[in-house]
Amino acid sequence: MRMPAADAQRAPKHIDLAILGGGCAGLSLARELAKSQTLGSILVIEPRQTYQDDRSWCFWANDSQALSPWLGHSWPRWSFGKIDAQQQHRACDDYPYRYVRSIDFYRACLAAIKACPAIDLKLGQAVSELTALQSGWQITTNDDTYIAQQVLDTRPPPQTQLDQSTLQQCFLGAEIKLRRRTEIDTETVELMTDMRLVDGEFCFTYVLPFAPDHLLVEVTFFAKYPPTRLSLQNQLNQLLATRGWSDAEILRTEFAELPMGMPLMMNAKQKQPMLAGMRGGALRPSSGYGFLRIQNWAQRCAKQYIADGTLVGQTTSGFWIQKMDLIFLNVLQHEPARAAEIFDTLLSKTKPARLIRFMNDQATLSDCLQIVACLPKWPFLRALLRFLPTLLARSD
């Protein structure tokens, strides 16, 4: 008996791999698979209708890691300092500070996906239900139903998971075109300047100078309770006014709330898909950096999937680095008034190459010991005592 046409249209579509979420992690894996000209059927499901120039990613990387097709800019030096104090400068010749504009990254990934017949990107589809089957998964979206042998979940974390973060990194930035050229040092990123407390929360300025009259300017908070968008806008307006940039042309804005110290939510009693991206712990707890982690994971995952058809979960820090990060966040959470001093000490007393290795998950034991040695002892001893039960319990 033949099925009616309407029922046939509703029959689930069978695929080998479903990637839930077409953000940084989902697109990165799809791009790596496309470069390998993978076979089978792969579907990327993304709720947004179009990709916008909505964010940027930065990191320290040498030339072999620079990801040149997307590289928008790089700077040899960075500066930092507490508010009303002279900025200090640091540099590492082998590892400049790199910048990737999101729209360049999106376009490169979309072009690679389009050139690979095995991969399909479905925009405007939001996953409403994910059901574990005896063999595989059923995925229901607002437009269709799919049966996938494997699922990789790169969607943003649920609010219940975000709420368990130690702190939130919240920032609002504006890419601006000045009416007149400024004498700003275009070879130096303001990594953490104007470090201060605002309403009891740690705040700092971040400036990427693309040209003497072209800048990305941000205000950033590390806060337990994120400031409102209006509060961030007021701080950004104040910053622009202080620098004499209030009349600049706003080219675009970017805003985010990034979890710091967000626990992974694993349920050993239920079948779960493989996790990646922010949901899988891609962001470094103490900094929010995650772009290079995601790229390294995507390369490993694609290589293994091509080799044997299995997936690799998101790459995170090693056990002891995770613990160091969580203790560090505990200090910032309970003693925000010490944050400016702590970051100023860390950045001024740590050798640039050592700091970069630590930030890039490449720290040696010597690096870790030297970083611990340069930090003030009592805040971290108090944090260790407060945090000891959790530290022993949380191994992920």
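The values are calculated or read from the model by the stated rules, or taken from the named source; none is laboratory data. Computed from a predicted structure; not experimentally measured. Ideal geometry is used to build each Cβ from the backbone, glycine not excepted, and the neighbour counts take in all protein chains shown.
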Practice problem: Report whether or not CYS203 is in contact (Cβ under 8 Å) with a residue 60 or more places away in the chain, in contact with a Leu (Cβ under 8 Å, 6 or more places away or on another chain) and assigned to a strand (DSSP E or B). | Solution: no
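Would segment 295-303 turn up any residue that is at pLDDT 90 or above, in a loop (DSSP other than H, G, I, E, B) and closer than 24 Å to PHE171 by Cβ? Show your work before the answer.
First, the residues of segment 295-303 that are at pLDDT 90 or above: 295-303.
From the residues that got through so far, the ones that are in a loop (DSSP other than H, G, I, E, B) too are none.
For segment 295-303, residues at pLDDT 90 or above, in a loop (DSSP other than H, G, I, E, B) and closer than 24 Å to PHE171 by Cβ: absent.
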Quiz prompt | Check on GLY261, at pLDDT below 95 and surrounded by 21 or more Cβ atoms within 10 Å (Cβ to Cβ) | solution = yes
Practice problem: Starting from segment 280-296, keep only residues that are in contact (Cβ under 8 Å) with a residue 12 or more places away in the chain, then list their pairs with residues that are among the basic types (Lys, Arg) and buried (at least 22 other Cβ atoms within 10 Å of the Cβ) whose Cβ atoms are within a distance under 6 Å, requiring at least 6 positions of separation or different chains. | Solution: ALA282/ARG293
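Considering ARG300, ARG382, ARG338, ARG386, which residue is without any contact (Cβ under 8 Å) to a residue 24 or more places away in the chain and not aliphatic (A, V, I, L, M)?
Working: ARG382 fails: without any contact (Cβ under 8 Å) to a residue 24 or more places away in the chain; ARG338 fails: without any contact (Cβ under 8 Å) to a residue 24 or more places away in the chain; ARG386 fails: without any contact (Cβ under 8 Å) to a residue 24 or more places away in the chain.
Step by step, each of ARG300, ARG382, ARG338, ARG386 is checked, and only ARG300 is without any contact (Cβ under 8 Å) to a residue 24 or more places away in the chain and not aliphatic (A, V, I, L, M).
Within segment 216-230, which residues are aromatic (Phe, Trp, Tyr) and in a strand (DSSP E or B)? Outline the logic, then answer.
First, pick out the residues of segment 216-230 that are aromatic (Phe, Trp, Tyr): 221-222, 225.
Correct list: PHE221, PHE222.
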Quiz item: Considering THR310, THR345, which residue is within 25 Å of HIS89 (Cα to Cα) and at pLDDT 90 or above?
Solution: THR345
Quiz item: Pick from segment 148-171 the residues that are more than 16 Å from the chain's Cα centre (by Cα) and of a type in the set (A, V, I, L, M, F, W, C): which of them is farthest from ALA282 (Cα to Cα)?
Solution: ALA148
Quiz prompt | Hits in segment 150-181 (condition: acidic (Asp, Glu) and closer than 22 Å to ILE327 by Cβ) | solution = ASP163
Quiz item: Given (1) among the polar types (S, T, N, Q); (2) within 25 Å of HIS334 (Cα to Cα); (3) surrounded by fewer than 17 Cβ atoms within 10 Å (Cβ to Cβ); (4) without any contact (Cβ under 8 Å) to a residue 40 or more places away in the chain, where does GLN134 come up short, assuming only one miss?
Solution: (2)
Quiz item: Name the pairs whose Cβ atoms lie under 9 Å apart, with the first residue in segment 140-158 and in the same structural domain as GLY26 (by TED's automatic domain parsing) and free of Cβ contacts under 8 Å to residues at least 40 places away in the same chain, the second hydrophobic (A, V, I, L, M, F, W, C) and assigned to a strand (DSSP E or B), and 6 or more positions between them or separate chains?
Solution: THR140/VAL127; THR140/LEU130; ASN142/VAL127
Practice problem: Go through segment 350-379 and count every residue that is among the aromatic types (Phe, Trp, Tyr), touching a helix residue (DSSP H, G or I) at 6+ places or on another chain (Cβ under 8 Å) and surrounded by fewer than 19 Cβ atoms within 10 Å (Cβ to Cβ). | Solution: 0
Self-check item: For ASP94: the one exception among (1) at pLDDT below 95; (2) of a type outside the set (Gly, Ala, Ser); (3) under 19 Å from the mean Cα position of the chain (by Cα)
Solution: (3)
Exercise. Give the residues of segment 217-238 that are surrounded by fewer than 20 Cβ atoms within 10 Å (Cβ to Cβ) and either in contact with an Asp or Glu (Cβ under 7 Å, 6 or more places away or on another chain) or aromatic (Phe, Trp, Tyr) (or both), sorted by residue number.
Key: TYR225, PRO226
Quiz item: In segment 239-258, which residues are more than 18 Å from the chain's Cα centre (by Cα) and either of a type in the set (D, E, K, R) or surrounded by 16 or more Cβ atoms within 10 Å (Cβ to Cβ) (or both)?
Solution: LEU239, LEU240, ARG243, TRP245, ASP247, ALA248, GLU249, ARG252
Quiz item: Going by the structure shown, is GLN150 touching a helix residue (DSSP H, G or I) at 6+ places or on another chain (Cβ under 9 Å) and part of a strand (DSSP E or B)?
Solution: yes
